[in-house]
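Single-structure report; data block below.
The values are calculated or read from the model by the stated rules, or taken from the named source; none is laboratory data. Just so it is clear, the model here is predicted, and its values are computed rather than measured. Cβ sites come from the backbone with ideal geometry, for glycine too, and all protein chains shown count toward neighbours. These area figures cover heavy atoms from the full protein model, side chains too; ligands, DNA and RNA do not enter into them. Shrake-Rupley method; radii C 1.70, N 1.55, O 1.52, S 1.80 Å.
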Amino acid sequence: MFCTTLSYITLRLLGEGVDGEDEAMDKERKWIPDRGGITCIPSWGIMWLSVLGVFDRKGNDPLPPEIWLLPYFVHMHPGQMWCHSRMVYLAMSYLYGKRFVGPLIQLFYL
């Protein structure tokens, strides 16, 4: 679901057609809701959809940037996460805290 949804949105942003113009896009557009819709993707994907302005920010899991201010020895400090998760969490918590939405607000709807 994650890859299909983000691929579909990327193709739409790159100018691929809407209804009936492309058979592959029609299949993706049908496949996504048949499997539960975009709400079934992980939080990383939902965050990027919120940044693009195609998904309501209320659907995101809370990622408070203030947690980075905890002392490092605290068990739940993000600095103690696996390095890949930590770097993704750092960017996502910043975007969550700023309530950032890019300039492509409501370009299209799924």
Check off (1) open to solvent by 40 Å² or more (accessible area, probe 1.4 Å); (2) in contact (Cβ under 8 Å) with a residue 40 or more places away in the chain; (3) part of a loop (DSSP other than H, G, I, E, B); (4) not aliphatic (A, V, I, L, M) for Trp48 and give me the number that stays unchecked. (3)
Subset of the stretch 55-78 [in a helix (DSSP H, G or I), over 13 Å from the mean Cα position of the chain (by Cα) and either surrounded by 12 or more Cβ atoms within 10 Å (Cβ to Cβ) or of a type in the set (A, V, I, L, M, F, W, C) (or both)]: Pro65, Ile67, Trp68, Leu69, Pro78
Which one of these does Pro33 not meet: (1) part of a helix (DSSP H, G or I); (2) surrounded by 12 or more Cβ atoms within 10 Å (Cβ to Cβ)? (2)
Can you pull out the residues in the stretch 1-18 that are of a type in the set (Phe, Trp, Tyr) and open to solvent by less than 60 Å² (accessible area, probe 1.4 Å)? Tyr8
Inside the stretch 76-110, can you point out the residues that are at pLDDT 85 or above and polar (S, T, N, Q)? Gln80, Ser93
Any chance Trp82 is in contact with a Gly (Cβ under 9 Å, 6 or more places away or on another chain) and over 15 Å from Thr5 (Cα atoms): no
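Can you say whether Arg99 is among the basic types (Lys, Arg), touching a residue at least 40 places away in the same chain (Cβ under 8 Å) and on the phi > 0 side of the Ramachandran plot, as far as the supplied structure shows?
yes
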I'd like the full set of residues that are open to solvent by less than 80 Å² (accessible area, probe 1.4 Å) and among the β-branched types (Val, Ile, Thr), limited to the stretch 36-45. Ile38, Ile41
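Look at the stretch 19-28 and say how many of its residues are surrounded by fewer than 16 Cβ atoms within 10 Å (Cβ to Cβ) and either touching a helix residue (DSSP H, G or I) at 6+ places or on another chain (Cβ under 8 Å) or part of a helix (DSSP H, G or I) (or both).
Taking the stretch 19-28 first, the residues surrounded by fewer than 16 Cβ atoms within 10 Å (Cβ to Cβ) are 19-24, 26-27.
Adding the requirement that they be either touching a helix residue (DSSP H, G or I) at 6+ places or on another chain (Cβ under 8 Å) or part of a helix (DSSP H, G or I) (or both) leaves 19-20, 23-24, 26-27.
Qualifying residue count for the region: 6.
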